[in-house]
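S.K.: I am attaching a structure below and will ask some questions about it afterwards.
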Protein chains: 2
Amino acid sequence: MDVGNRATRLKPDTDRLRSDIEALSGFVDETKPGWTRRPFTVWYDRSRNWLAERMREAGLTVHVDAASNLIGLLPGSDPSLPPIMIGSHTDTVTGGGRFDGIIGVLAGIEIARLLKENGIALRHPLEVVDFTAEEPSEYGISTVGSRGMVGNLPDEMLERTDASGLTLREAIARQGGSPEKLAVQARKPGSAAVYLELHIEQGPVLEQTGHKLGVVLGIVGIHRYRTTIAGEPNHAGTTPMSMRRDALAGFCEIGLAFERLCKQTYAADVVGTIGKLTNEPNASNVVPGAVIFDMEIRSLDTSVCEEIYRAFAEEASQIAAARGLDLRLEPLSKSEAIPVEPKVKERIYEACASVAPTAMLPSGAGHDANQIARIAPIGMIFVPSRGGRSHCPEEWTDFEDVAAGVEALARAVLSFDDAPAPGGEA
Amino acid sequence: MDVGNRATRLKPDTDRLRSDIEALSGFVDETKPGWTRRPFTVWYDRSRNWLAERMREAGLTVHVDAASNLIGLLPGSDPSLPPIMIGSHTDTVTGGGRFDGIIGVLAGIEIARLLKENGIALRHPLEVVDFTAEEPSEYGISTVGSRGMVGNLPDEMLERTDASGLTLREAIARQGGSPEKLAVQARKPGSAAVYLELHIEQGPVLEQTGHKLGVVLGIVGIHRYRTTIAGEPNHAGTTPMSMRRDALAGFCEIGLAFERLCKQTYAADVVGTIGKLTNEPNASNVVPGAVIFDMEIRSLDTSVCEEIYRAFAEEASQIAAARGLDLRLEPLSKSEAIPVEPKVKERIYEACASVAPTAMLPSGAGHDANQIARIAPIGMIFVPSRGGRSHCPEEWTDFEDVAAGVEALARAVLSFDDAPAPGGEA
């Protein structure tokens with residue numbers, strides 16, 4: 001069957017998508033700001049029931065896996081092929097919005113509907129997954145469900161407790177999962193043909209460059225460090241400027257150096273941020289004695305992160321020495337970048353470009369795709385975020401843009417369904 | 001009588017001073033760090049009783065005034081003359097030390113003892129004052145007692161309450177004061193011949209320049225401002241460097257400009273400090289959306305403070321504009337500088353230089369002298385603070401240095417006692 005021909009028949013119903021988004025935004029904790037649906041809560045349960053119902057209506061067979069992910073399955077015509085997986089999440093941060101994650105799950109359901117309505121059968125099975133607890137959870141862990149699916153949820157994590165003393169293991173069980181079967185059910189590399197996720201950009205690039213769709217080049221790696229600048233707390237009135245060891249003034253110089261190093265890097269996708277800082281003793285009449293700050297560097301090429309860090313460490317040491325300040329640098333965490341394979345990028349770009357003006361950009365945030373990359377090639381499509389905002393009540397994507405994203409995703413699914421088996425394209 | 005001759009007989013007893021300092025450091029709240037004796041507490045009451053006893057032993061007549069200041073009076077031989085006043089305070093900040101304020105009150109008592117022991121009678125009455133609550137109190141007011149003495153404790157302040165709901169008016173009454181008599185007892189300009197205070201430097205200048213005594217040139221004026229830098233909080237991963245409005249990066253540039261302006265000023269005594277800042281939302285993965293910081297500029301010449309502020313405001317505005325940040329500047333408070341009259345400075349310098357190597361320097365901190373300046377010429381003598389530290393348990397001044405300060409103060413008292421009446425020297 002001709003992909004182009006089939007593809008033009010998969011036109012998402014914008015009103016139906018809008019109505020789905022609005023329905024889901026009704027299952028929220030109204031005592032919290034924005035649209036708050038935290039995992040493992042009664043609001044999450046209700047939204048899951050509603051989602052399972054929509055999956056069944058769309059012709060999917062619904063089950064909950066060991067990690068408590070909600071999965072809708074559409075069998076394929078060739079039983080020998082692994083599934084094409086579409087997924088995202090419907091939990092939100094506290095005070096979050098109505099689009100982040102949500103549109104990715106609804107896209108999967110809409111695509112199942114369109115396939116059914118148009119009588120199109122796929123060769124591959126299609127799985128639509130609502131991953132459990134993608135956002136940072138009460139357990140200090142994010143992407144809980146996708147971790148669980150690929151066997152990356154060790155006992156140490158399962159034994160962590162929330163404020164009420166409930167373990168993550170218990171929370172997953174209450175959510176319908178079977179923690180005791182996590183190891184048995186853990187999916188192996190090659191167990192999915194491809195993983196595709198539609199997500200809001202959460203940044204300003206598509207909007208500011210006038211694109212409606214974005215093909216994700218990869219998910220950046222993140223290197224985080226903590227820096228402590230120690231000076232001497234002194235009386236702000238009695239200590240002459242020349243006799244000070246002012247930790248905050250030192251921070252100003254060091255912070256500017258960091259910004260300059262991140263901006264001057266040739267790799268355009270590098271971002272570096274000092275987001276969090278503590279000033280001590282933080283009294284208006286005391287010369288600051290210590291500043292502790294966290295910084296992070298993100299890039300698709302983590303060797304660039306290393307390079308910037310090395311240059312920063314050297315420059316910061318020189319600044320501190322010249323000011324009589326003590327400097328301590330400690331790594332906090334390092335996550336590797338997740339590349340999108342060139343062939344996958346190309347197929348997705350083709351699908352997107354046939355629908356709307358398309359840019360290519362990195363994902364600066366992490367996603368469930370980070371975990372699923374352990375078992376399958378991944379690919380992501382972004383739609384614009386108004387003002388680049390996300391994780392806040394103002395988070396917004398026009399429904400027409402959501403529909404364009406779903407249409408591009410549907411075309412990508414058909415394209416991968418027609419592609420040779422993994423490895424066959426090489 | 002010859003001043004020089006009398007003066008050489010007034011040799012403070014270092015062991016007695018050490019023993020007094022140690023005795024007072026026993027009246028402290030041992031549940032708090034350092035040597036904590038907050039005003040209006042049981043520990044303050046006990047220290048006051050002990051002090052009153054020492055005053056009586058030294059031949060002083062003791063009373064508590066309307067503002068609850070503890071005053072020891074030694075009559076003079078000429079009933080027409082106003083008193084020479086020596087004063088300081090014995091309350092401490094929480095976690096404070098054993099010298100700040102304390103040595104000034106003990107110096108007055110020691111001088112009364114020396115006069116008595118040497119049979120020296122002054123022409124002027126001598127008042128030794130332990131001012132109530134000089135340090136910032138629970139009521140958000142400092143120099144409570146000296147304010148009260150000069151009629152600068154308005155009802156608005158008296159009606160403020162501490163955490164338990166007690167008003168300052170009630171606290172003063174409990175401390176033995178008579179708030180209803182504050183207006184009647186308020187001292188008028190000219191009601192003291194001179195006010196002299198011995199204090200620790202609270203800074204590193206005497207120690208680092210090898211001086212044992214410091215003559216205070218004046219008490220600096222303090223101009224305080226609050227600056228708000230508003231940018232846009234954005235996802236640290238998804239917002240390219242070129243699309244950011246990073247309030248903290250802007251602060252770095254603005255903070256450095258402030259430091260440079262304060263350092264480059266010709267007036268050597270200028271100090272400028274950014275001591276307190278808030279970064280919002282202060283999360284490691286969010287580009288800072290707002291920074292609010294308090295800055296202060298101190299100088300004996302407040303026109304210099306104004307000049308620096310004007311230059312800062314202009315430069316900060318340019319920096320903010322170039323970065324797409326919004327800037328708001330608001331004045332918080334302005335206190336005028338308190339000059340020490342040239343003739344007073346000269347007399348004190350003579351007294352000090354006859355005892356030990358003496359420097360002249362501004363007082364960067366406020367004192368009870370700020371208030372008493374409303375009714376009398378003021379003068380201050382500083383003794384070294386080890387490492388420039390104060391308001392902390394490590395606060396330290398060698399007992400020999402305290403004794404040198406007391407001796408210089410005694411000589412100054414004799415010198416002013418012999419001086420013509422106020423105005424007579426002009």
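S.K.: Based on this model, can you work out whether residue B:260 counts as within 10 Å of another protein chain (Cβ to nearest Cβ), part of a helix (DSSP H, G or I) and among the charged types (D, E, K, R)?
M.R.: It is true that residue B:260 is within 10 Å of another protein chain (Cβ to nearest Cβ), part of a helix (DSSP H, G or I) and among the charged types (D, E, K, R).
S.K.: Residue A:371 versus (1) out of contact with any helix residue (DSSP H, G or I) (no Cβ under 7 Å at 6 or more places or on another chain); (2) of a type in the set (S, T, N, Q); (3) not in a strand (DSSP E or B): which is the lone unmet condition?
M.R.: Residue A:371 satisfies all of (1) out of contact with any helix residue (DSSP H, G or I) (no Cβ under 7 Å at 6 or more places or on another chain); (2) of a type in the set (S, T, N, Q); (3) not in a strand (DSSP E or B) except (1).
S.K.: As an exercise: evaluate residue A:302 against (1) farther than 30 Å from residue A:11 by Cβ; (2) open to solvent by less than 50 Å² (accessible area, probe 1.4 Å); (3) within 13 Å of chain B (Cβ to nearest Cβ); (4) among the polar types (S, T, N, Q) and give the number of the one condition it does not meet.
M.R.: So the condition that residue A:302 fails would be (3).
S.K.: Hey, can you tell me all the residues within region B:169-208 that are of a type in the set (S, T, N, Q) and more than 24 Å from residue B:108 (Cβ to Cβ)?
M.R.: The one that is of a type in the set (S, T, N, Q) and more than 24 Å from residue B:108 (Cβ to Cβ): B:208.
S.K.: Quick check: is even one residue across region A:406-415 among the hydroxyl-bearing types (Ser, Thr, Tyr), closer than 24 Å to residue A:17 by Cβ and in a loop (DSSP other than H, G, I, E, B)?
M.R.: no
S.K.: Looking only at region A:106-128, which residues are touching a strand residue (DSSP E or B) at 6+ places or on another chain (Cβ under 7 Å) and over 22 Å from residue A:404 (Cβ atoms)?
M.R.: A:124, A:125, A:127
S.K.: Sort out which residues of region B:263-280 are facing another protein chain (nearest Cβ under 8 Å) and surrounded by fewer than 19 Cβ atoms within 10 Å (Cβ to Cβ), and write them in order of number.
M.R.: Hits for region B:263-280 are B:263, B:268.
S.K.: Further, regarding this structure: Taking region B:243-257 as the search range and keeping residues that are over 18 Å from residue A:287 (Cβ atoms) and facing chain A (nearest Cβ under 9 Å), which one is modelled with the lowest pLDDT?
M.R.: Checked region B:243-257; the qualifying residue modelled with the lowest pLDDT is B:243.
S.K.: Still on this structure, I have one more. Pairs under 7 Å by beta carbon, first residue under 14 Å from residue A:131 (Cα atoms) in region A:146-169, partner assigned to a strand (DSSP E or B), six or more apart or different chains?
M.R.: A:146/A:131
S.K.: Can you find a residue in region B:44-63 that is in a helix (DSSP H, G or I), in contact with a strand residue (DSSP E or B) (Cβ under 7 Å, 6 or more places away or on another chain), open to solvent by 10 Å² or more (accessible area, probe 1.4 Å) and touching a residue at least 24 places away in the same chain (Cβ under 8 Å)?
M.R.: yes
S.K.: Scan region B:326-338 and tell me whether some residue there is in contact with a strand residue (DSSP E or B) (Cβ under 9 Å, 6 or more places away or on another chain), within 10 Å of chain A (Cβ to nearest Cβ) and among the basic types (Lys, Arg).
M.R.: no
Residues are listed down the side, and each one gets a yes or a no for (1) at positive phi; (2) polar (S, T, N, Q); (3) open to solvent by 20 Å² or more (accessible area, probe 1.4 Å):
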residue	(1), (2), (3)
B:355	no, no, yes
B:365	no, no, no
B:375	no, no, no
B:383	no, no, no
B:397	no, yes, no
B:402	no, no, no
B:409	no, no, no
B:412	no, no, no
B:420	no, no, yes
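S.K.: Please go through region B:42-79 and pick out each residue that is among the aromatic types (Phe, Trp, Tyr) and either under 14 Å from residue B:130 (Cα atoms) or not assigned by TED's automatic domain parsing to the domain that holds residue B:126 (or both).
M.R.: B:44, B:50, listed by residue number.
S.K.: Could you pull out the residue among A:206, A:168, A:182, A:217 that is touching a strand residue (DSSP E or B) at 6+ places or on another chain (Cβ under 6 Å) and either at positive phi or open to solvent by less than 40 Å² (accessible area, probe 1.4 Å) (or both)?
M.R.: Only one candidate passes the filter, namely A:206.
S.K.: Please determine whether any residue of region B:339-350 is within 14 Å of chain A (Cβ to nearest Cβ) and either surrounded by 23 or more Cβ atoms within 10 Å (Cβ to Cβ) or of a type in the set (Lys, Arg) (or both).
M.R.: The answer is no, given that none of the residues of region B:339-350 is within 14 Å of chain A (Cβ to nearest Cβ) and either surrounded by 23 or more Cβ atoms within 10 Å (Cβ to Cβ) or of a type in the set (Lys, Arg) (or both).
S.K.: Now, a different point. I'd like to check something: does region B:228-250 contain any residue that is surrounded by 20 or more Cβ atoms within 10 Å (Cβ to Cβ) and under 30 Å from residue B:361 (Cβ atoms)?
M.R.: No.
S.K.: Would you pick out the residues in region A:305-363 that are outside any helix (DSSP H, G or I) and either among the polar types (S, T, N, Q) or touching a His at 6+ places or on another chain (Cβ under 7 Å) (or both)?
M.R.: A:333, A:334, A:335, A:354, A:357, A:358, A:359, A:363, listed by residue number.
S.K.: Out of (1) modelled with pLDDT of 95 or more; (2) within 20 Å of the chain's Cα centre (by Cα); (3) surrounded by fewer than 24 Cβ atoms within 10 Å (Cβ to Cβ), the odd one out for residue A:123 is which?
M.R.: Evaluating residue A:123 over (1) modelled with pLDDT of 95 or more; (2) within 20 Å of the chain's Cα centre (by Cα); (3) surrounded by fewer than 24 Cβ atoms within 10 Å (Cβ to Cβ) leaves (2) as the failure.
S.K.: I'd like the full set of residues that are more than 30 Å from residue B:334 (Cβ to Cβ), at the interface with another protein chain (Cβ under 7 Å from one of its Cβ atoms) and open to solvent by 10 Å² or more (accessible area, probe 1.4 Å), limited to region A:281-297.
M.R.: A:294 - this is the single residue of region A:281-297 that is more than 30 Å from residue B:334 (Cβ to Cβ), at the interface with another protein chain (Cβ under 7 Å from one of its Cβ atoms) and open to solvent by 10 Å² or more (accessible area, probe 1.4 Å).
The values are calculated or read from the model by the stated rules, or taken from the named source; none is laboratory data. Model, not experiment: these values are computed from the prediction. All Cβ positions, even for glycine, are placed from backbone atoms using ideal geometry, and neighbour counts span all protein chains on display. Surface areas here come from the heavy atoms of the whole protein model, side chains and all, with no ligands, DNA or RNA. Shrake-Rupley method; radii C 1.70, N 1.55, O 1.52, S 1.80 Å.
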